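Below: one structure, written as structure tokens.
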Amino acid sequence: MKRLFLTPIFMVLALSLCQAQNEVENPSISIAMIASDMDTSYDFYTNIIGMVETGGFSIDESFGKKSGLTGGAPYDVKILKLVDDPHSTEFKLASFGNPKVDAGNVIQDKNGLRYITIYLKSTEGVWQRIKDNNIKTLGDTPLQLPNGKTFILIQDPDGLFIELIGN
């Protein structure tokens, strides 16, 4: 019979992991996107990607400053989701009217949040909307993946790369 010996460092790591897991109230991550133009990005995410608006809120000058988010600039946030479900990831969209910056041509051109992946039952609907709206695909996409799914890569109006994967 083999015995398992736990080193002190392993026990600390295991305890830390258990504590972190117990701290989580909601297993999804809420992501915020600051767009150069709210209307253009809202149209892209709702009419091309197919997200739905499920809510929103406003941040006033006082909270913007106290929270450290804006230094005092107020702003509005629209909450978008792939499906209207309380457990679905929130994609928060806000804009300060900042000019567009060059996002680069490939993900390694810049640091920070560079791409998101959306898993679809079928890529047919979004593929049709991409073609109907003359949205440029990147690389040689759409591509067939080894698992039989289709991979499409596009960028949003501000350059965020979006992987669309589905049947």
Consider only pairs whose beta carbons are under 8 Å apart and that are at least six residues apart or on different chains; among these, list those whose first residue lies in region 119-140 and is in contact (Cβ under 8 Å) with a residue 24 or more places away in the chain and under 9 Å from residue 166 (Cβ atoms) and whose second residue is part of a loop (DSSP other than H, G, I, E, B) and among the β-branched types (Val, Ile, Thr). 126/49
Complete set of residues in region 36-69 that are β-branched (Val, Ile, Thr) and touching a residue at least 24 places away in the same chain (Cβ under 8 Å): 40, 46, 48, 49, 52, 54
When region 88-118 is checked residue by residue, the ones that are in contact (Cβ under 8 Å) with a residue 60 or more places away in the chain and in contact with a helix residue (DSSP H, G or I) (Cβ under 9 Å, 6 or more places away or on another chain) are 91, 93, 94, 95, 97, 118
Hey, residue 76 open to solvent by 80 Å² or more (accessible area, probe 1.4 Å) and more than 19 Å from residue 158 (Cα to Cα) or not: no
Helices (runs of 4 or more DSSP H) (entirely within region 7-101) containing at least 1 residues that are modelled with pLDDT of 90 or more: 38-43, 61-67
Which of the residues spanning region 137-163 are closer than 18 Å to residue 42 by Cα and not acidic (Asp, Glu)? 154, 155, 157, 159, 160, 161, 162
For region 41-64, give me each residue that is open to solvent by 70 Å² or more (accessible area, probe 1.4 Å) and either touching a Gly at 6+ places or on another chain (Cβ under 6 Å) or closer than 22 Å to residue 163 by Cα (or both). 43, 47, 53, 61
Region 49-87, residues that are in contact with a strand residue (DSSP E or B) (Cβ under 8 Å, 6 or more places away or on another chain) and among the aliphatic types (A, V, I, L, M): 49, 51, 52, 59, 69, 77, 79, 80, 82, 83
Got at least one residue in region 146-160 being open to solvent by less than 60 Å² (accessible area, probe 1.4 Å) and in contact with a Pro (Cβ under 6 Å, 6 or more places away or on another chain)? yes
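The values are calculated or read from the model by the stated rules, or taken from the named source; none is laboratory data. Since the structure is predicted, the reported quantities are computational estimates derived from the model, not experimental observations. Methodologically, a virtual Cβ is constructed for each residue, glycine included, from the backbone with ideal geometry; neighbour enumeration extends over all protein chains shown. Keep in mind that these areas ignore ligands, DNA and RNA; they rest on the heavy atoms of the full protein, side chains included. Shrake-Rupley method; radii C 1.70, N 1.55, O 1.52, S 1.80 Å.
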